[in-house]
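Presented below is the structure to which this report refers.
FYI, it's all coordinate maths here, none of it is from the lab. Please read these numbers as outputs of a predicted model, since none were measured by experiment. For neighbour counting, all protein chains shown are included, and Cβ atoms are generated from backbone atoms with ideal geometry for every residue, glycine included.
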Amino acid sequence: MKPPSRLRDISRQAKVWTREISARRAVPAQRPEESNPVFLLAAITLGIPALLAVPLIGMNPSIQEGAFTNVVTFVVVAAFVVAAVFEIKRLAEQPSDDNHH
């Protein structure tokens, strides 16, 4: 007596899954890039004082209205400029491909 077609389909699917799993195990896993400790130190050194300055400036009664907005705008724009400079530097340091067609 033959097994029902549904049972055969499940058996075939299990075989496919087993092959896929063994194929994935054969390929070594890629490790994520390690972060540069200098960048981590710079982020901590510059980030913590910047974050602490936000409530200090906001709570100070002698600060004129609108000054806090200017400071926040400056910090955000400066962060984007620094990120853009580092990204351009990273792209410039990549090796060029000879056959990029």
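Brief remarks follow.
- In the stretch 43-101, the residues that are acidic (D, E) and within 18 Å of the chain's Cα centre (by Cα): E87
- Of all the numbered requirements in (1) of a type outside the set (A, V, I, L, M); (2) under 28 Å from S35 (Cβ atoms); (3) assigned to a loop (DSSP other than H, G, I, E, B), Q64 misses one, and that requirement is (2).
- Filtered residues of the stretch 57-67 (kept if surrounded by 10 or more Cβ atoms within 10 Å (Cβ to Cβ) and without any contact (Cβ under 8 Å) to a residue 12 or more places away in the chain): G58, N60, I63, A67
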